[in-house]
Amino acid sequence: MSDCSRRNFLKGSALLGAATVIGCNAGGSANNNADLDTRAFATPPKDAPTNILKGQIPTKILGKTGEKVPILAHGGMYDLNNVMVGRAFELGINYFDTADCYLGGQSEIILGRVLEKQGKRKESFIVSKDHPHQPSDMLRTIDTRLEKLRTDYLDLYYIHQLGDGEYPKECVNWPKSKEFREVGEQLKKQKKIRFIGFSCHAGILPQALEAAAEGGFIDVIMFRYNFRSVNSDELNKAIDKAKKANIGLVAMKTQGGRVSFKDKADAFKSKGFNDAQSALKAVWADERIDTIVSHMPTLQIVQENAMAAMQNQISEAEQKLLQEYAQATNHLVCHGCDHICSPHVPQEIRIGDTLRYLMYHDNYNEQVWARELYSQMPAQTRLAILQTDYSRAEEACPHKLEIGKMMAQAALKLGNHI
Ligand code: SF4
């Protein structure tokens, strides 16, 4: 798809449905309790869905890594148990994305044990992440990742959620910094990792993509990308630069935010619209994207997403419905562009992070995790949320979100348990 046709592909932004990895922050990371959740080794349930879908998911080359990867990958914010992993391999999904903090630190342990038990390490592409205070911290933290995952090497090692509130402002330049470059070189030399990169869903995303293109050493970037963001000129220019630098590009949060607008979604579903599958296809339609990391906590969702991957051409009818759906719901979901609204509120207020936690609470059904993330924001930030006038931020928001109302909901739902 040409750049022009891609940009005209959809007018709008985000959605509901099956997918995407839930993030976390440094405070939520590294529960080093190595107790294993034994559900990972449970006997396959008798009522597991029959494997009606045959065939393999298409593959693409992941940028400069040269690796052939499936266009659909497993996120790791759920139990990747024996059944899930076995079914993944049947479908050609050998790419598993986890992090230090998923499932309170259990995700890596579970994945490592399952892959070891199934003898699938060598066939797998394992991605994990850390939250360094500075890139050089990764020279130390890598050993914990390897230990928990029961492996000698990671295929890909990310800085997680670059640009979130936990990082210093200058982190936007890390993807072109000497320090991060040397970390990658050293870890590769030690054969502890094969490739290096970062994930990002913050407002700095365009700048971080451009910095990576300039720096020349980042192998892969995973970033928030969905049908709501495909028409952003600033983001598209940055993606073009990263693609030109042959950086592997991985989409996450492809569903564009699962906000509580079920009534609106149902109106589209009554027309036969499968919002989750269409949202995936909208991202696959962008040839610059190499793969999608998807949150697929059930075999049914794996099945649906795999079916979409095998028939990944989006029809005109789907395209039209997705566009209409985006237009009807854009004002209900935060798009993470907090560089636009943040200058209009006191410095300590973190609109993007807070509304993302609210999304985890309301739409990912991750209430405990959402509250934990919220509680890890500085006390003065949480205190200020209900005392702040958001009217100027609302005026600046290109999607016309009722920011004040949503922040109050976040404070009520996430803050009343601390
Ligand atoms: S509130 Fe509006 S401007 Fe701020 S991050 Fe969300 S969508 Fe972007």
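The values are calculated or read from the model by the stated rules, or taken from the named source; none is laboratory data. Keep in mind it's a predicted model, so treat the numbers as computed, not measured. No Cβ is skipped: glycine too gets one built from the backbone with ideal geometry, and neighbour counts run over all protein chains shown.
What the table shows:
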| quantity | calculated |
| --- | --- |
| Cβ pairs under 8 Å, 6+ apart, first in segment 387-411 and more than 11 Å from the ligand (Cβ to nearest atom), second basic (Lys, Arg) and at pLDDT below 95 | ALA411/ARG382 |
| Filter result for GLU123 (surrounded by fewer than 19 Cβ atoms within 10 Å (Cβ to Cβ) and assigned to a loop (DSSP other than H, G, I, E, B)) | yes |
| Conditions (1) under 30 Å from LEU103 (Cα atoms); (2) touching a residue at least 12 places away in the same chain (Cβ under 8 Å); (3) not in a loop (DSSP other than H, G, I, E, B): number failed by MET377 | (3) |
| Some residue of segment 324-331 being of a type outside the set (Val, Ile, Thr) and not in a helix (DSSP H, G or I) | no |
| Inter-residue pairs, beta-carbon under 6 Å, first part of a helix (DSSP H, G or I) and in segment 127-151, second of a type in the set (D, E, K, R), 6+ apart | PRO135/GLU179; SER136/GLU179; MET138/ASP130; THR141/ASP130; ILE142/LYS192; LYS148/GLU108; LEU149/GLU108 |
| Residue under evaluation VAL69, criteria (1) crowded, with 22+ Cβ neighbours inside 10 Å; (2) among the β-branched types (Val, Ile, Thr); (3) not in a strand (DSSP E or B), criterion not met | (3) |
| Enumerated helices (runs of 4 or more DSSP H) restricted to segment 162-248, each holding at least 2 residues that are touching a Lys or Arg at 6+ places or on another chain (Cβ under 8 Å) | 205-215, 233-244 |
| Qualifying position, being near the ligand (Cβ under 10 Å from one of its atoms) and not in a helix (DSSP H, G or I), among CYS334, CYS341 | CYS334 |
| Any hit, segment 380-388, residues being closer than 19 Å to ASP164 by Cα and out of contact with any helix residue (DSSP H, G or I) (no Cβ under 9 Å at 6 or more places or on another chain) | yes |
| Test: ILE351 is modelled with pLDDT of 90 or more, closer than 18 Å to GLU166 by Cα and either over 20 Å from the mean Cα position of the chain (by Cα) or crowded, with 17+ Cβ neighbours inside 10 Å (or both) | yes |
